[in-house]
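Have a look at the structure below, then the notes.
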Amino acid sequence: MKNQYAWRSIKGLHRVILSLIVIASILPSWAQTSLNEQEVYNRLISRKTQEGYTEGTPWDNSHLYKNKVTFDGIPAGYYTGGGCFGFMMDMMEYASNYEYPIRIIEGTYDNLPVIRVGDGVRLNNDGHSVVVLEKISDHKVIVAEANYGGKVHWGREIDLAAEYNGFTNIATFWPEVSNTIATGITDLDNDSPIREVRIYSLNGTQIKHIQQTGLSIKTVLSELPKGFYLVKEATKTYKVYNGE
């Protein structure tokens, strides 16, 4: 299972900021894209019946895959991975329709909630890679993987918060909100009343549009599941992590 092409260690990434970040006066351009988790899942699961990707297909470190990767915000050019890592990258590029660059970030328990369908995860203390098919909770996922006993395997459930799984890094093609210009920080504990607010998922899908509420942003967010959102109030848009 150990991949002979080692995943590079990534240091110095700041921990996820659990606060509202004022990022722009309008939603970023990527928020208008059609990329969504259902489409990503459909593309991933379609490979379960494709030749070369079916359950039990032999897949070891002789299977190489070359693609362009960014490590910790720095373009690293083309990177060749074998075995489980190559399978993960292959699946991720296919899932995103080869339209979005892959970047690799440090895995910490604080950013487990940000993992999404189609993301790659590095486990076993930098020894094995998987791609996320479904999220059961903030830290439990169902995955597809290769070089798992030398073969392709679908549907294993993994608890990323369990120390014995050795979660170390995340690969993702989902665009960053932080690509826009940050203009300031406002604490999540903002109890000022709001007159109108729109709440979006990170891929730009509108979840709520509330008018004349008199409620605080904090109160409105408390009604939503834990996770990351975009909150647009008047001319300001915030990125928020709604959770403990």
Being assigned to a strand (DSSP E or B) and either over 25 Å from Arg103 (Cβ atoms) or modelled with pLDDT of 95 or more (or both) is the filter here, so list the residues in the stretch 162-175 that pass it.
none
Can you tell me which residues in the stretch 192-228 are in a strand (DSSP E or B) and modelled with pLDDT under 75?
Pro193, Gln206, Gly227, Phe228
Criterion first (under 18 Å from Trp174 (Cα atoms), outside the structural domain of Val231 (by TED's automatic domain parsing) and either in contact with a His (Cβ under 8 Å, 6 or more places away or on another chain) or at pLDDT 50 or above (or both)) does Lys68 satisfy it?
yes
Candidates Glu39, Glu51, filtered to the one that is assigned to a helix (DSSP H, G or I) and modelled with pLDDT of 80 or more
Glu39
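The values are calculated or read from the model by the stated rules, or taken from the named source; none is laboratory data. Source: prediction; values computed, not measured. All Cβ positions, even for glycine, are placed from backbone atoms using ideal geometry, and neighbour counts span all protein chains on display.
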